């Protein structure tokens, strides 16, 4: 059975690692449609952010998530993250407005547009759900404000929460401790959590590597919105599991 294309592109991107951005990223305003990234002559084809739907409803956010997820997967293979940041900005807006992961998943399932030119394969739908959940887990860790903070924080599916909650907590603490995506090694993260990286397959490592990227970029998007004067300053993340040790506790 062939590997889903979008998952393959993400694995390819993880294998080659992140490229440095050539220009400073644009500021993103929260609770609004994302600001379009600055055009670059060598930037691969992406989307026109001015054509994105209104992000004030769950259906509108779902449409943005649908189109940006597919384009982000394709763009990651070239080393660019502009469209992934648009995906994250849309998810941040949804979090602020109190839209639960389940509500967005239902809207995505009913979304008529197919940016990939076909229905997404199950593995691709699951990857999109993981990315959305990672944004929510990260924002919950830094206690980001929401119109329904308790419900959105608890809306991450139990299976994803169990798999990634401590992982997200450690990555957030590492980022706030001065690590960057380039300096924080996946193997070190796994070792601190008692996991042998050799026991993981290439696809699992690639997904975890991209998960680290999503967490770091979520913090970046939030910080950019805060710098624009639209958010309160970041706060220390709360423990993901009460009493659970973390390899990156300050």
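Readers should treat all values here as calculations from the given coordinates under stated rules, not as data from a laboratory. These figures come from a predicted structure and were not determined experimentally. Don't worry about glycine lacking a Cβ; one is built from the backbone with ideal geometry, like all the others, and counts go over all protein chains shown.
Some points to look at:
- Semi-axis lengths, Å, the range 78-208, gyration tensor of Cα atoms, sqrt of 5 times eigenvalues: 25, 20, 15
- The order of the peptides 181-189, 116-124, 206-214 by mean Cβ neighbours within 10 Å, most packed first, is 206-214, 181-189, 116-124.
- The distance between label points at residue 145 and residue 188 comes to 3.5 nm (points 7 Å beyond Cα on the Cα→Cβ vector).
- With R₀ set to 25 Å, the beta-carbon distance separating residue 57 from residue 115 gives a calculated FRET efficiency near 0.85.
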